[in-house]
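Peer 1: Dumping the structure here so I can ask a few things about it.
The values are calculated or read from the model by the stated rules, or taken from the named source; none is laboratory data. Treat the numbers as computed from the prediction; the structure is a model and nothing was measured. Cβ sites come from the backbone with ideal geometry, for glycine too, and all protein chains shown count toward neighbours. In case anyone asks, the SASA skips ligands and DNA or RNA and just uses the protein heavy atoms, side chains included. Shrake-Rupley method; radii C 1.70, N 1.55, O 1.52, S 1.80 Å.
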Amino acid sequence: MKKNKQVFNNVLELVGNTPLIKLNKITSSLKGNYFAKIESFNPGHSSKDRIALYIIEEAERKGILKPGDTIIETTSGNTGFSIAMVSVIKGYKCILAVSSKSSADKIDMLKTMGAQVYVCPAHVSADDPRSYYEVAKRLHRETEGSVYINQYFNELNIDAHYHTTGPEIWNQTEGKITHLVACSGTGGTISGIAKYLKEQNKDVQVIGVDAYGSVIKKYHETHEFDEKEIYPYRIEGLGKNLIPTATDFDIIDQFIKVTDEESAHTAREIAKTEGLFVGYTSGAAMQALKQLNEEGTFNENSNVVVVFPDHGSRYMSKIYSDSWMNEQGFFDSQHEQEETAQSIQYIK
Ligand SMILES: Cc1ncc(COP(=O)(O)O)c(C=O)c1O
């Protein structure tokens, strides 16, 4: 049968080639042109589909993985979902070691996607045999024919974005991009895209978004790992309490930090202004654009691409819940709280 582009052989054929959408209203008072790379258009609703597929296919190419083998990772987040999805299609077992802090919803989601989930105590040190890092390492050692994805320390994480997201952004902007702004967690997204873009045009400015409570920005500036920078924060997937080797610090020009509170409000603002229902780190990245604009980073000729990594549906009990926002103290005034409450009217 002739290949019909409307019909796909399986869901994995839809990974990548996400749209770049112009931001209009939320950026109306900022200098320059703004475009968002909407990674929730991946079938697993996040950018992590790209690394799951790429790393697993690399292992296949190298003959490390055979059908029926096992893929192991330590995450309850987007990467876990993406690995589970790829494993279903390709016929691998998927083992995810997650922290007991993970919500029941997330664990159920992974279980639904066929993963074997090990829930490990959250409040033990990383080198404790019960920690999710150690459990994953032990399962990897004990399971013949297993691959440990280890996204924070796997350079294929960078390669995945170098070969996919980077060229997509270059082509979608017809080479006119001047600035890339992206959150940095493992650092794979920003490092891989930056490497590709700078090979095309070394003048493209690359700005990473970090969280208060994370060591990344300070490490970039001083090469010092400063434990004093570390404290708990709420945004998931952004910043870190360790230095990932999946971040190429030399290729990133600058880091900027954003707060939990402003990022949450900005994510809600993106939905209301652009009709894009995106995750918490998309709010963080957009918040970074506002701060960079204030600092005078952009001018009328700037063509800024911002990466929105995932979909808002994963944050219903967090930033899109008024009671959660209230519990965090993110509604500064009674007025703000009443205003959002008024958008729901109960007819009795
Ligand atoms: C929601 C979300 N945003 C942003 C990131 C950051 O992407 P990267 O790990 O490629 O730096 C992650 C990764 O963990 C994520 O899950």
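Peer 1: Can you name the condition, by its number, that Ala267 falls short on among (1) in contact (Cβ under 8 Å) with a residue 60 or more places away in the chain; (2) within 15 Å of the ligand (Cβ to nearest atom); (3) not basic (Lys, Arg)?
Peer 2: Of everything listed in (1) in contact (Cβ under 8 Å) with a residue 60 or more places away in the chain; (2) within 15 Å of the ligand (Cβ to nearest atom); (3) not basic (Lys, Arg), Ala267 misses just condition (1).
Peer 1: Here's another thing I want to ask about it. In segment 216-242, which residues are at pLDDT below 95 and within 16 Å of the ligand (Cβ to nearest atom)?
Peer 2: Tyr233, Arg234, Ile235, Glu236, Gly237, Leu238, Gly239, Lys240, Asn241, Leu242
Peer 1: Also, I was wondering about something else. With the requirement that a residue be of a type in the set (D, E, K, R) and either within 13 Å of Ala284 (Cβ to Cβ) or at pLDDT below 95 (or both), what does segment 201-215 give you? Break it down stepwise before answering.
Peer 2: Quick first cut of segment 201-215, residues of a type in the set (D, E, K, R) only: 202-203, 210.
Answer for segment 201-215, where residues must be of a type in the set (D, E, K, R) and either within 13 Å of Ala284 (Cβ to Cβ) or at pLDDT below 95 (or both): just Asp210.
Peer 1: Hey, which of the helices (runs of 4 or more DSSP H) in segment 53-155, taking only ones fully inside, have at least 2 residues that are basic (Lys, Arg) and at pLDDT 95 or above? Explain how you work it out, then say what you get.
Peer 2: On the way: elements: 78-90, 104-112, 132-142.
The helices (runs of 4 or more DSSP H) meeting that bar are 132-142.
Peer 1: From the list Ser317, Ser263, which residue is at pLDDT below 95 and of a type in the set (Ser, Thr, Tyr)?
Peer 2: On the way: Ser263 fails: at pLDDT below 95.
When all the criteria are applied, what remains is Ser317.
Peer 1: Sticking with this structure for a sec: Which residues, taken from segment 68-116, are among the acidic types (Asp, Glu), more than 20 Å from the chain's Cα centre (by Cα) and within 16 Å of Tyr315 (Cα to Cα)? Explain how you work it out, then say what you get.
Peer 2: Narrowing segment 68-116 to residues among the acidic types (Asp, Glu): 69, 73, 105, 108.
Those left that are additionally more than 20 Å from the chain's Cα centre (by Cα): 69, 108.
The answer is Asp108, and nothing else.
Peer 1: I'm told Arg50 meets every condition in (1) away from the ligand (no atom under 12 Å from the Cβ); (2) in a helix (DSSP H, G or I); (3) crowded, with 17+ Cβ neighbours inside 10 Å except one. Can you identify the failing condition by its number?
Peer 2: (1)
Conditions (1) without any contact (Cβ under 8 Å) to a residue 24 or more places away in the chain; (2) buried (at least 18 other Cβ atoms within 10 Å of the Cβ); (3) among the basic types (Lys, Arg), marked per residue:
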| residue | (1), (2), (3) |
| --- | --- |
| Lys93 | no, no, yes |
| Ser102 | no, yes, no |
| Thr112 | yes, no, no |
| Val119 | yes, no, no |
| Asn157 | no, yes, no |
| Ala160 | no, yes, no |
| Thr164 | no, yes, no |
| Lys176 | no, no, yes |
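Peer 1: In the set Lys290, Lys348, Lys272, which member is basic (Lys, Arg), part of a helix (DSSP H, G or I) and over 24 Å from Gly213 (Cα atoms)? Talk me through it step by step, then tell me what you get.
Peer 2: On the way: Lys290 fails: over 24 Å from Gly213 (Cα atoms); Lys348 fails: part of a helix (DSSP H, G or I).
Exactly one of Lys290, Lys348, Lys272 is basic (Lys, Arg), part of a helix (DSSP H, G or I) and over 24 Å from Gly213 (Cα atoms), namely Lys272.
Peer 1: Tell me which residues, restricted to segment 172-212, are among the hydrophobic types (A, V, I, L, M, F, W, C) and more than 8 Å from the ligand (Cβ to nearest atom). Explain how you work it out, then say what you get.
Peer 2: Kept after step one, since they are among the hydrophobic types (A, V, I, L, M, F, W, C), are these residues of segment 172-212: 177, 180-183, 190, 193-194, 197, 204, 206-207, 209, 211.
The answer is Ile177, Leu180, Val181, Ile193, Ala194, Leu197, Val204, Val206, Ile207, Val209, Ala211.
Peer 1: For the structure I just gave you, tell me whether Ile21 is more than 16 Å from the ligand (Cβ to nearest atom) and surrounded by 15 or more Cβ atoms within 10 Å (Cβ to Cβ).
Peer 2: Details: more than 16 Å from the ligand (Cβ to nearest atom): yes; surrounded by 15 or more Cβ atoms within 10 Å (Cβ to Cβ): yes.
For Ile21, the condition - more than 16 Å from the ligand (Cβ to nearest atom) and surrounded by 15 or more Cβ atoms within 10 Å (Cβ to Cβ) - is met.
Peer 1: Can you run down the residue pairs with Cβ atoms below 9 Å, 6 or more apart or on separate chains, where the first is in segment 26-53 and under 24 Å from Leu292 (Cα atoms) and the partner is of a type in the set (Lys, Arg) and part of a loop (DSSP other than H, G, I, E, B)?
Peer 2: Between residues of segment 26-53 that are under 24 Å from Leu292 (Cα atoms) and residues that are of a type in the set (Lys, Arg) and part of a loop (DSSP other than H, G, I, E, B), the close pairs are Asn33/Lys176.
Peer 1: Further question on the same structure: Give me the pairs, please: first residue somewhere in segment 180-194 and without any contact (Cβ under 8 Å) to a residue 40 or more places away in the chain, second residue anywhere and open to solvent by less than 10 Å² (accessible area, probe 1.4 Å) and near the ligand (Cβ under 8 Å from one of its atoms), beta-carbon distance under 8 Å, and either six or more positions apart or on two chains.
Peer 2: These pairs meet every condition: Gly192/Asn157; Gly192/His161.
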